[in-house]
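J.: Please read through the structure below; I'll follow up with questions.
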Amino acid sequence: MSWLARLFSTPESINKTMDAAYSGVDKLFYTDEEKADARGKSLQMYEKLWLAAVPSAVNRRIVAAAITAAWLLCILVALAANAFGYSEYADYALLMLQDVVNPPFMIVVGFYFLKAVASAARRD
């Protein structure tokens, strides 16, 4: 029994026990300061991710412009062909629009406008 008394009677063991108890109770509560620290760390991580994505923003805009130009070209060709009486060319241009150009065009439109639409719907 004397080893048990020595174990719990030394000042170091009492300090360790008190520190462990204090640390356990402290971790039960999430203070405003801790919330602010966590928010600051998450903002720093978001900033790093955003800065890492900046170089690809130009590439995304080029792809979006190319897809939009192809979509617009198909529509203009179909309108012009139909206006000059070449309905088979107009049908082909609309078929290309439907099968080839529309899927990536809708992805680009969704990528650029879905965030605004989703935030507006969430606010309502």
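One line per residue, one yes/no per condition, for (1) out of contact with any Leu (no Cβ under 8 Å at 6 or more places or on another chain); (2) exposed (fewer than 10 other Cβ atoms within 10 Å of the Cβ); (3) without any contact (Cβ under 8 Å) to a residue 24 or more places away in the chain:
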site: 41; (1), (2), (3): yes, no, yes
site: 51; (1), (2), (3): yes, yes, yes
site: 54; (1), (2), (3): yes, yes, yes
site: 59; (1), (2), (3): yes, yes, yes
site: 70; (1), (2), (3): yes, no, no
site: 73; (1), (2), (3): yes, no, yes
site: 76; (1), (2), (3): yes, no, yes
site: 79; (1), (2), (3): yes, no, yes
site: 82; (1), (2), (3): yes, no, yes
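J.: Moving on. What are the residues in segment 60-88 that are farther than 15 Å from residue 107 by Cβ and among the polar types (S, T, N, Q), if any?
T.: Hits for segment 60-88 are 82, 87.
J.: Taking segment 33-73, which residues are over 24 Å from the mean Cα position of the chain (by Cα) and at pLDDT 80 or above?
T.: Here is the first cut: in segment 33-73, the residues over 24 Å from the mean Cα position of the chain (by Cα) are 33-34, 69-73.
Correct list: 33, 69, 70, 71, 72, 73.
J.: Out of all the residues in segment 103-124, which are open to solvent by 70 Å² or more (accessible area, probe 1.4 Å) and farther than 29 Å from residue 62 by Cβ? Before you say what the answer is, go through the steps one by one.
T.: Filtering segment 103-124 down to residues open to solvent by 70 Å² or more (accessible area, probe 1.4 Å) leaves 106-107, 111-115, 117, 122-124.
Across segment 103-124, the qualifying residues are 122, 123, 124.
J.: Follow-up question, since we're still on this one. Exactly one condition in (1) open to solvent by 90 Å² or more (accessible area, probe 1.4 Å); (2) of a type in the set (A, V, I, L, M, F, W, C); (3) over 18 Å from the mean Cα position of the chain (by Cα) is not met by residue 100; state its number.
T.: If we test residue 100 against (1) open to solvent by 90 Å² or more (accessible area, probe 1.4 Å); (2) of a type in the set (A, V, I, L, M, F, W, C); (3) over 18 Å from the mean Cα position of the chain (by Cα), just (1) comes out false.
J.: Let me ask you something else. Which residue pairs have Cβ atoms closer than 8 Å, lie 6 or more positions apart in sequence or on different chains, and pair a first residue in segment 92-103 that is within 12 Å of residue 71 (Cβ to Cβ) and in a helix (DSSP H, G or I) with a second residue that is among the aromatic types (Phe, Trp, Tyr) and open to solvent by less than 80 Å² (accessible area, probe 1.4 Å)?
T.: Note: pairs meeting the criteria are 97/71; 101/71; 102/71.
The values are calculated or read from the model by the stated rules, or taken from the named source; none is laboratory data. All of these numbers come straight from a predicted model, not from anything done at the bench. Ideal geometry is used to build each Cβ from the backbone, glycine not excepted, and the neighbour counts take in all protein chains shown. All accessible areas refer to the heavy atoms of the entire protein, side chains included, with ligands and DNA or RNA removed. Shrake-Rupley method; radii C 1.70, N 1.55, O 1.52, S 1.80 Å.
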